[in-house]
Structures are given as C-alpha cells and as structure tokens.
There are 2 protein chains.
Amino acid sequence: MSSAASILIAALSAKTKLPDEDQDALASFPIEELEIRRGQDIIREGDRPTRSMILLSGLTCSYKTLPNGNRQITAFQVPGDVPDIQSLHLDVQDNSILSMSDCRVGFMRHRDIHELCFSRPPIAMGFWRATLVDTAIYREWTTNVGQRPAVARMAHLFCEVLTRLMHLGLTKDYSCALPVTQVDLADALGLSVVHVNRTLMELRKSGSLRFERGELTALNWPLLARQGQFDPSYLHLQMDDHAPYKLV
Amino acid sequence: MSSAASILIAALSAKTKLPDEDQDALASFPIEELEIRRGQDIIREGDRPTRSMILLSGLTCSYKTLPNGNRQITAFQVPGDVPDIQSLHLDVQDNSILSMSDCRVGFMRHRDIHELCFSRPPIAMGFWRATLVDTAIYREWTTNVGQRPAVARMAHLFCEVLTRLMHLGLTKDYSCALPVTQVDLADALGLSVVHVNRTLMELRKSGSLRFERGELTALNWPLLARQGQFDPSYLHLQMDDHAPYKLV
DNA sequence: CGAATACTTGATTACCTTCAATACGCGTGG
DNA sequence: CCACGCGTATTGAAGGTAATCAAGTATTCG
C-alpha cells in the first residue's frame with residue numbers, strides 16, 4: 001500500500017477503525033503524489049478545483065487576502081489534513097493554500113471521492129468528521145484572535161501546533177519543525193510584525209519556549225499552556241489510539 | 001409534511017435538488033419540535049448530546065467561554081441551520097448554543113441521522129455540504145476579527161446577517177430582526193461594549209444603517225457593503241434558485 | 001560577497017480598553 | 001401608581017496595548 005493511502009486511512013479512522021473492506025477500497029484509491037517546494041500557492045482563492053489535496057508531509061496554511069492586501073492565515077495543516085475538501089461541495093474556493101515548507105501532497109479527483117462516498121458511507125462519514133474537527137479549530141481561532149491579548153494568543157497557537165504534531169509523532173522532546181516567519185505569525189494572529197517580535201521576546205524571556213530557525217521548542221510546557229489558556233479538547237484528538245498512527 | 005421537515009429538506013437541497021425518494025425519507029423523518037424562550041442555553045459546552053438541533057425560526061448564536069469569563073460569539077444561526085451537527089461525530093461539545101430570540105427548534109436523534117446518512121448518501125452529502133458552508137463562514141469571521149478595524153468589522157457582520165436572512169426571505173426593504181444587544185455585538189466582534197457603542201454611532205452617522213430595538217435596517221446598502229469590505233461569495237449561496245425556498 | 005529576506009529596536013501615534021457616571025426602558029412588587 | 005432593580009445604552013476621561021514609522025542588524029542564499 002502506498003504511504004499516501006495509509007495516511008488517508010489513518011486520517012479517516014480518527015474515531016472508529018474503518019471496516020476492512022473500506023480500508024481496502026482506500027488502499028487502491030487513486031492518489032496522484034506530488035512534491036511541492038516551499039512558498040507555493042497550491043490552491044488559490046477563486047479557483048474551481050476538480051481535485052482535493054491531502055497533505056502527506058510538511059506544513060501548509062490556508063489564508064484569505066483582503067482588498068487592501070492584508071492577509072489572514074486561518075489555519076495550519078499538518079500531515080493527514082485535507083484542507084480543500086470543501087471544494088468537493090462548494091464550487092469556488094474561498095481561500096488559498098500555501099506550502100510553508102517543502103511538502104509532499106496527494107491529489108484526489110472529486111469524481112473519485114464522490115463515487116467512494118456514495119458507495120461507502122463509512123468513508124463519507126470519516127471525511128465529514130475530519131471537516132468537523134477543522135471547524136472546531138476555526139472556532140477556537142476566532143476566539144483566540146477575538147479575546148486573547150498578544151502573549152496568550154501566540155502561546156495558544158504554539159500549543160495547538162505542538163499538540164497536533166505530537167499526536168502524529170512528529171515532535172521530539174516538546175520540539176517540532178515550525179517553518180514560519182514572524183510575518184507569517186503576524187498574519188495568523190492578527191498582529192503587526194513588530195508586535196509579534198516583541199511578544200516572542202517576552203515569551204522567550206519567560207522561559208516557556210525557544211523559537212529559532214523554524215524550530216519551536218516548549219522549554220516549559222505547563223507554563224506555555226498556562227500562558228495560552230490552552231485546553232486541547234477542541235482538537236478532538238482520540239487518545240485511546242486503537243490504531244496508534246505514526247506517520248512515516 | 002411538517003414545516004420542520006420542509007425546512008430541513010430546503011437546508012439540505014442548497015446545491016442540488018434531492019432525489020424524490022430522499023425527500024420522502026426526510027418528510028417522515030422524526031423531528032421533535034420545541035419552543036424555546038429567548039436567552040436559553042440550548043446546548044452547553046461540555047455536553048455529550050445524543051441529538052442535534054435544527055433552528056426552525058428565530059435567531060441563535062454559538063459561543064465559547066474563556067477561563068476569565070470572557071465570551072466569544074463565534075457564529076449566528078438562521079432558520080435551517082444545524083449548529084451542533086458536529087455532535088454527531090464529536091463526543092463532547094466544544095461550544096454552547098444560545099437562543100437570541102424566542103425560537104422554534106427541532107431535535108433529531110443521532111441514531112436516526114446516522115441511519116439516514118448510511119442508507120441515503122445524498123442526504124449525508126447534503127449535511128456535509130452545510131457544515132462546509134459553516135466552515136467557510138468561520139474562516140471569514142477569523143479574518144474579520146483579525147484584520148478589520150472596528151467600523152469595518154461591525155459593518156461586515158451586519159452585511160452577513162442581512163444577506164443570509166435576505167436569502168431566506170426574512171428581510172423586508174433591507175431590514176431584518178436582529179435581537180442582539182451591544183454586549184452581544186461586543187462579544188461577537190471582539191470589542192468592548194463601549195467601543196461597540198461608539199462604532200455604532202459612527203455607522204449611524206454615516207447614514208449606512210439604522211439599528212434600534214433589535215431591528216437592523218441598511219439605509220444605504222452599497223455604502224454599508226463598502227464599509228465592511230463585504231463580498232458575499234464566502235456564503236456560497238445559490239442564486240439560481242432551482243427550488244426557490246422561502247421559509248414560512 | 002552582495003542582495004534579499006528576516007529579525008530587532010526605538011520613537012511616536014492611535015485605536016481601543018477600562019473606569020466611572022449617568023440616563024433610559026421595562027417589569028415587578030409594595 | 002410609584003419605587004425599585006436590573007439590564008441596556010450613552011458619554012467622558014484616562015490609560016494601555018498594539019500599530020505605524022523609521023532605521024539598523026542579522027541571516028540566508030544565489
């Protein structure tokens with residue numbers, strides 16, 4: 001089985017293990033794999049895609065651009081995420097997807113996904129569930145940007161990314177790759193670059209984290225979580241790991 | 001057919017008309033209807049619901065509460081919306097639903113929805129599509145709160161609500177019921193009440209709207225849309241109304 | 001090694017918050 | 001009927017967080 005297929009299966013099995021026959025169907029599901037370099041718009045606002053992508057490795061973000069040129073990053077994607085699954089149902093793309101690092105992505109034709117979902121309800125439910133988790137994350141982002149002051153806001157974002165990557169086995173000692181610039185952080189947090197810089201310094205000074213050259217380390221996780229008022233329940237991660245899934 | 005059923009059918013038919021047999025299945029779908037008074041928490045963060053609700057009439061909002069007591073309203077719901085459909089897939093509720101007016105709501109058992117979705121893929125796809133539209137709205141909210149100054153932010157919110165209600169035929173001459181206090185607006189926009197008050201006055205003075213006693217009127221829609229940088233495409237409304245749907 | 005990109009720092013400004021006080025509307029009960 | 005309480009709206013003043021403007025330093029990379 002291709003690694004793309006196993007990542008897809010894992011992503012759709014989050015809650016309950018898929019029946020074997022559905023896993024088999026996914027194992028032979030046509031996915032076109034592609035390497036994408038850092039800094040590429042994989043999908044653009046206004047597009048009318050005929051395929052959806054699944055992130056296989058690396059980091060991407062989705063963002064919206066305002067008339068005045070401002071940019072809001074609305075989410076980060078980690079391996080297993082299907083950031084533009086919406087295009088399966090909604091004709092024109094309302095946001096763009098950008099690679100923050102060199103990435104491996106898989107493309108799945110809408111026609112194929114449609115067929116699969118109609119013939120295999122558990123798979124449709126799996127996709128649907130995944131989008132509902134995304135929605136929960138969006139709610140938290142709105143809350144984060146709307147209610148928390150800069151320090152807490154940034155700490156919260158770091159906690160989220162670290163937790164999601166940890167769940168995938170992509171961290172080591174509370175440390176993970178986070179190839180984003182301070183400009184990116186500013187656009188994700190709704191702050192200016194200058195203020196992001198000062199906020200970062202404050203967090204560093206507090207001893208809760210290290211962040212340099214695209215590497216994030218939580219030096220004091222409890223402190224960082226407190227600073228960000230971080231409660232991971234909105235991520236709806238399954239801790240009972242019936243099928244412990246580590247990405248290759 | 002009950003009015004609840006027809007609202008549900010309309011909500012799931014947004015993109016493509018459902019096959020007759022699926023409509024029939026929905027027509028006889030068990031929905032328990034309930035009247036709910038203004039200011040009630042219909043669902044609470046932390047709940048583990050066994051049913052999902054569909055709003056039949058009135059206005060509700062979903063919100064999250066922070067440890068310090070702050071509240072962020074993350075969305076408003078209009079008739080036809082199913083704000084806690086996520087509970088079908090995610091065990092514990094990560095947000096609360098509050099009635100902003102007297103409401104009529106319908107409750108659908110998860111078990112029934114599950115069964116329906118497994119036996120009738122087009123219905124599952126309809127539900128799924130609806131959640132993807134919600135997600136698109138969340139993205140826009142994050143952007144709104146993260147990037148736009150107070151005046152634009154508020155104007156944008158008003159445009160969204162007015163547009164959604166207009167699409168349901170619940171407006172008259174650019175005017176609609178919007179039974180929210182300035183405190184509610186503050187919590188939705190991530191602003192203080194005082195500043196909401198001043199921002200409102202500014203909008204009023206500009207002549208773009210009237211807002212009093214829970215009634216919103218766009219006196220100058222083009223101006224209001226400009227003030228809010230409002231582009232309705234993220235709402236993914238179908239304008240081609242194959243089945244023009246007005247709620248009773 | 002030079003240009004571009006990313007980061008850092010200082011000074012000034014402004015948007016928005018907080019605190020405080022007043023006014024208004026409405027339902028309840030004396 | 002009026003007093004009272006409570007939620008809502010309004011206004012003034014002061015303060016703070018974060019934006020903007022500006023300049024300089026590191027880093028990366030071709």
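Values in this text are rule-based calculations from the coordinates and carry no lab data. Everything numeric here is computed off the predicted structure, so don't read it as measured data. All Cβ positions, glycine included, derive from the backbone under ideal geometry; neighbour counts span all protein chains shown.
Descriptive notes on the structure:
- Residues that are under 23 Å from the mean Cα position of the chain (by Cα) and touching a residue at least 12 places away in the same chain (Cβ under 8 Å) within segment B:184-198 comprise B:ASP184, B:LEU185, B:ASP187, B:ALA188, B:LEU189, B:GLY190, B:LEU191, B:VAL196, listed in sequence order.
- In segment A:154-194, the residues that are under 16 Å from A:PRO222 (Cα atoms), within 11 Å of DNA strand D (Cβ to nearest atom) and surrounded by fewer than 16 Cβ atoms within 10 Å (Cβ to Cβ): none
- Flag if B:ARG198 is within 12 Å of DNA strand D (Cβ to nearest atom) and of a type in the set (Lys, Arg): yes
- Residues in segment B:142-153 that are in contact (Cβ under 8 Å) with a residue 60 or more places away in the chain and either out of contact with any Asp or Glu (no Cβ under 7 Å at 6 or more places or on another chain) or within 12 Å of DNA strand D (Cβ to nearest atom) (or both): B:ARG148, B:ALA152, B:ARG153.
- For segment B:1-51, the set of residues classified as basic (Lys, Arg) and under 27 Å from B:PRO179 (Cβ atoms) consists of B:ARG37, B:ARG38, B:ARG44, B:ARG51, listed by residue number.
- In this entry, A:VAL78 passes the filter for residues that are among the hydrophobic types (A, V, I, L, M, F, W, C), out of contact with any strand residue (DSSP E or B) (no Cβ under 6 Å at 6 or more places or on another chain) and more than 13 Å from chain B (Cβ to nearest Cβ).
- The numbered conditions (1) at negative phi; (2) more than 17 Å from the chain's Cα centre (by Cα); (3) crowded, with 19+ Cβ neighbours inside 10 Å are all true for B:GLN229 except (1).
- Matching residues, segment A:116-140, being in contact with a strand residue (DSSP E or B) (Cβ under 8 Å, 6 or more places away or on another chain) and more than 8 Å from every other protein chain (Cβ to nearest Cβ): A:ILE137
- Checking each residue in segment B:41-75 for being within 16 Å of the chain's Cα centre (by Cα) and either of a type in the set (Gly, Ala, Ser) or within 14 Å of chain A (Cβ to nearest Cβ) (or both) picks out B:ILE43, B:SER52, B:SER57, B:GLY58, B:CYS61, B:SER62, B:TYR63, B:LYS64, B:GLN72, B:ILE73, B:THR74, B:ALA75.
- Some residue of segment B:10-17 being polar (S, T, N, Q) and assigned to a loop (DSSP other than H, G, I, E, B): yes
- Count - residues of segment A:141-154 that are touching a helix residue (DSSP H, G or I) at 6+ places or on another chain (Cβ under 6 Å), at the interface with chain B (Cβ under 9 Å from one of its Cβ atoms) and either over 16 Å from A:TYR234 (Cα atoms) or aromatic (Phe, Trp, Tyr) (or both): 2
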